Amino acid sequence: MARTTESPAALPRTAPIASTRTTGSPAALVGRLAFRELVRGAIVWGAVFALTLAASVFAYESTYGTAAERAELLRGIGSNSGIRALFGPAREMDTVAGFTAWRTLSLLPLVAGVWGLLVATRLLRGEEDRGRWETILASPLGRARATIATLAAIGAGTGVLFALTTGAVVLTAAVQGGIPVGGGLWLALALCIAAPAFAAVGALTAQIAPTRRAAAALAGAVFGAAYLVRVAADGSSSLGWLRWLTPLGWIEEMRPLTGARPIALLPLLAWIAVLVAASAWIARRRDLGAAALARRDDRPPRHAGLRSAASFSLRESLGGLVGWALAMALTGLIFGFVSKAVADLARTSAGLREHVRSTTSAPIDIASARGYLALVFIFLAVALSLYAASHATAAREEEATGRLDTLLGQPVTRRRWLAGRVLVAATCVAVVALVTGLAAWAGAAAGGAEAGLGDLLKASLNALPVVALFLGLSVLGFAVAPRHTGAIGFGLVGFAYLWEQTGAIVRAPEWVLSISPFHWLALVPAEPFDVSASLAMLAAGATAALVGIELFHRRDLVSA
Amino acid sequence: MPAVIEASGLTKRFGATTALEALDLEVRQGEVFGFLGPNGAGKTTTIRLLLGLIRPSAGSARVFGRDAWAQPEAIHRRLAVVTADPALWPQLTAHETLDLLGGLHGGYDAAYRQELIERFDLDPDKRLRAFSTGNRQKVALIAAFMTRAELLVFDEPTSGLDPLRKVVFRECLAEARERGQTVFLSSHLLVEVEASADRVGLLRRGHLVEVGTFDELRHLSAMRIEATFEGDPPDLDGIPGVEGVRVDGRRLSFHVHGSVAPALEALAAARPVRLTSREPSLEDLFLARYGADD
């Protein structure tokens, strides 16, 4: 954009402009600003995508070496409707390409979609909530163009994700063979395109919902609905046409490495274009700060949870608690429901049993529903650990916004404040764990699996010590490096999980594996509860939390 | 009068930056102490040290005779604080915010709270997210005054308030002083402090450069004189006490330190048609002390 420094001739110039620095167009500046906010996440997720891809390829080669094993895999997974519903249709499972496509497509587009919608709602409605959008719009940049510049930055972030994923495909294809480069690119595109597809959804909900949280929840609901429609479409052959209704279905219909269908890209591109255009259209027309779904800003007072710092922490945590409990209950229900089907399949498929053995470091037999559920609960423990870490980031948020100054200006000690938050976090995590166990039991019962209520409650309690460990470490991170609370808390959980996963695949020795706390989890309900490991993790978590509280007590408050 | 706030050698460094250097300060019980300085002088750092939110790099701050860093809880039971841009919870209503802050403080005067809500014209059932900075400041001010705490600490408390509410704030401040409450009022707005403070401290670049009553500090500053003449203004070179002479056509303006008699004689000889002089305001006080570089 050309800069205009000349006043119209008829108007007197107020003052001569001594020098003008060319800084690029405002749209480019806004885009770059947004890109800086998201590029770290894009790189982290890109690394996760790359590792998952490489792990799938190597796991296949090492596990299903013979043609007979591959044929069995094709027969077993391809014919199981429960697996197909959850993880998508399995095609050409007798090739490394087909297996890799199925394994990565079952999970990574979901991750990309959630990432996209969270980033979009944060950078659009979140910035508006914080008043920074107002500063941006004071520049010579319209509301619609500022929105599009931000979305373009998300597009560039997806580019980073895509580049790292592609890099992994090309490298593993070069090392292992079996994956054509063109097909690999198409796979990387299918894995990543959910990010812009659901960022576009987030862009729209950011225009119509009043807060970042509400916008993210609404976009999350759209995502959940799309996932359920996809599950229905894949679960029943008569409902297959439903696949053509949602972005997740279209991504599946891209069929990377298994007879690619370029036509499926068209609805995805149209979806993105229409939603982006609609967001820009609304952004241009609405008042700053306004929202079609705005709640009333006045209401009678609610008195609960205003008495003490700890009860206020609890009050503030309830929204997140309900959201996590619902999401985890749904997850537990689904995995519980399919547990019998998976176990039945494993009983007839030596290949699947071997596959599980090769991708987990634990000697587990998933030919029983209990064995399968024990594995599922490792995954649930990871999710619960992320939830625990989110409590530390919430504490940091309180400090960064200066609200902690307000609280500590009252007769509230730092020790009591942080200890209260840790207790609230521990309680919330325990509640969500129990809800998950209950839901998994209900699902297992509905699916006809032999797993009792006691089994699954034990499994959820078994997850708590490792979660407590990560809660303690996150609190310690908050105390030592407040500005990096999120990176430390979430980073440790992610690192430990990836360590356990990759370690198992490359058959690392026991002492290497045991670096990850998730490796210490007993496989309840398939195995008995490991008292000493649990006590050790609980003690370590409690120590970390106590040291964190003490260090926090001694450090300065640090603003954003 | 016992000291409510005592700072001795109070120093705070952030890395290589020294935000506050060797501050010695005493605020006595029952007085309104004005704490003046331009933006970035270290006022907020001082207040955060007094509240025990950050730890002194050297020296100590004592409030009610207790160390601010070691015993903040006991101190905070007896004080209330308001900052320039109070950080509050956007999802709470004003009513809920007052409940929370009053509850954490350990009690408040409910009748006075109601009276303050009416005087500040606050809508208590509105969520904070719908409030402007000024309205959030009202909530924080009400929360502070309603506790009737022995010590009120204000950091730029009226920056967002409209003129009518500023009057209400000054009334409340006067009432607090009558009741015997001690007030620590930090500001870069001179009128705000001039109207209420018994004593002031001037802070500049982390150094406390002056403390005293207004009368004590006025001698440090210059009187400002402006004169207009029929013909050319006189030459004031060499006249004792005169500084900062500016000539603009037939108008002349300057500062005088000490006696104005020699300058007036020189002016009278040149037949002025118009003459104005101003008592030094705090603005001049700052200019005289700091020069124009801040």
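The values are calculated or read from the model by the stated rules, or taken from the named source; none is laboratory data. Since the structure is predicted, the reported quantities are computational estimates derived from the model, not experimental observations. Ideal geometry is used to build each Cβ from the backbone, glycine not excepted, and the neighbour counts take in all protein chains shown. Ligands, DNA and RNA are excluded from the accessible area calculation, which covers all protein heavy atoms including side chains. Shrake-Rupley method; radii C 1.70, N 1.55, O 1.52, S 1.80 Å.
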Residue in the range A:284-300 that is farthest from the other protein chains (Cβ to nearest Cβ), counting only those that are over 30 Å from the mean Cα position of the chain (by Cα) and over 15 Å from B:Arg129 (Cα atoms)
A:Arg284
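Working only within the range B:124-136, note down all residues that are within 13 Å of chain A (Cβ to nearest Cβ) and more than 22 Å from A:Gly305 (Cβ to Cβ).
So in the range B:124-136, the residues within 13 Å of chain A (Cβ to nearest Cβ) come out as B:124-133, B:135-136.
Matches in the range B:124-136: B:Ser132, B:Thr133, B:Asn135.
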Number of the exception - A:Thr135 against (1) among the hydroxyl-bearing types (Ser, Thr, Tyr); (2) open to solvent by less than 50 Å² (accessible area, probe 1.4 Å); (3) part of a helix (DSSP H, G or I)
(2)
Restricting to the range A:368-402, count the residues that are open to solvent by 20 Å² or more (accessible area, probe 1.4 Å), in contact (Cβ under 8 Å) with a residue 60 or more places away in the chain and among the charged types (D, E, K, R).
2
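Do the conditions hold for B:Val81, that is, is it assigned to a strand (DSSP E or B), open to solvent by 20 Å² or more (accessible area, probe 1.4 Å) and aliphatic (A, V, I, L, M)?
On the way: assigned to a strand (DSSP E or B): yes; open to solvent by 20 Å² or more (accessible area, probe 1.4 Å): yes; aliphatic (A, V, I, L, M): yes.
Taking the combined requirement at face value, the residue satisfies it.
Table: residues versus (1) within 14 Å of chain A (Cβ to nearest Cβ); (2) under 27 Å from B:Thr18 (Cβ atoms).
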| residue | (1), (2) |
| --- | --- |
| B:Leu122 | yes, no |
| B:Leu141 | yes, no |
| B:Phe145 | no, no |
| B:Asp162 | no, no |
| B:Ala174 | no, no |
| B:Leu185 | no, yes |
| B:Ala195 | no, no |
| B:Arg224 | no, no |
All but one of (1) among the small types (Gly, Ala, Ser); (2) surrounded by fewer than 19 Cβ atoms within 10 Å (Cβ to Cβ); (3) more than 14 Å from every other protein chain (Cβ to nearest Cβ); (4) more than 25 Å from B:Glu150 (Cβ to Cβ) hold for B:Ala41; which doesn't?
(2)
Which listed residue is closer than 19 Å to A:Asp287 by Cβ, of a type in the set (Gly, Ala, Ser) and touching a helix residue (DSSP H, G or I) at 6+ places or on another chain (Cβ under 7 Å), from A:Ala144, A:Ala188, A:Ala153
A:Ala144
Does A:Gly126 satisfy being farther than 30 Å from A:Gly448 by Cα, in a helix (DSSP H, G or I), under 19 Å from the mean Cα position of the chain (by Cα) and without any contact (Cβ under 8 Å) to a residue 12 or more places away in the chain?
no
Residue pairs, Cβ under 7 Å, 6 or more apart or interchain, first in the range A:186-203 and open to solvent by 10 Å² or more (accessible area, probe 1.4 Å), second of a type in the set (Ser, Thr, Tyr). List them.
A:Pro196/A:Thr158
Quick one: would you say A:Phe312 is buried (at least 18 other Cβ atoms within 10 Å of the Cβ), facing another protein chain (nearest Cβ under 10 Å), within 28 Å of the chain's Cα centre (by Cα) and of a type in the set (A, V, I, L, M, F, W, C)?
yes
Confirm whether B:Gly180 is away from chain A (no Cβ under 14 Å) and on the phi > 0 side of the Ramachandran plot.
yes
State all residues of the range B:182-198 that are open to solvent by 60 Å² or more (accessible area, probe 1.4 Å) and either hydroxyl-bearing (Ser, Thr, Tyr) or within 23 Å of B:Arg13 (Cβ to Cβ) (or both); if no residue qualifies, say none.
B:His188
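With the range A:462-560 as the region, which helices (runs of 4 or more DSSP H) entirely inside it contain at least 3 residues that are away from every other protein chain (no Cβ under 14 Å), modelled with pLDDT of 95 or more and more than 30 Å from A:Gly452 (Cβ to Cβ)?
By residue number, A:531-554.
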Please go through the range A:403-456 and give me each residue that is within 14 Å of chain B (Cβ to nearest Cβ), open to solvent by 20 Å² or more (accessible area, probe 1.4 Å) and of a type outside the set (A, V, I, L, M), ordered by number.
A:Arg403, A:Asp405, A:Thr406, A:Gln410, A:Thr413, A:Arg415, A:Arg416
From the list A:Gly402, A:Gly420, A:Gly409, pick out the single residue that is in contact with a strand residue (DSSP E or B) (Cβ under 8 Å, 6 or more places away or on another chain) and in the same structural domain as A:Val322 (by TED's automatic domain parsing).
A:Gly409
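Restricting to the range B:84-112, give me the number of residues that are within 13 Å of chain A (Cβ to nearest Cβ) and in contact (Cβ under 8 Å) with a residue 24 or more places away in the chain. Walk me through it before giving the result.
First, pick out the residues of the range B:84-112 that are within 13 Å of chain A (Cβ to nearest Cβ): B:84-108.
Those left that are additionally in contact (Cβ under 8 Å) with a residue 24 or more places away in the chain: B:84-86, B:88-95, B:97-98, B:101-102, B:105-108.
Looking only at that region, the number is 19.
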Would you mind stating whether A:Ala217 is in the same structural domain as A:Asp287 (by TED's automatic domain parsing) and either under 30 Å from A:Trp133 (Cβ atoms) or open to solvent by 40 Å² or more (accessible area, probe 1.4 Å) (or both)?
yes
Just the residues that are of a type in the set (Val, Ile, Thr) and under 19 Å from the mean Cα position of the chain (by Cα), please, taken from the range A:98-123.
A:Thr104, A:Val111, A:Val114, A:Val119, A:Thr121
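Of the residues B:Ala111, B:Ala143, which single one is assigned to a helix (DSSP H, G or I), open to solvent by 30 Å² or more (accessible area, probe 1.4 Å) and among the hydrophobic types (A, V, I, L, M, F, W, C)?
Working: B:Ala143 fails: open to solvent by 30 Å² or more (accessible area, probe 1.4 Å).
The conditions single out B:Ala111.
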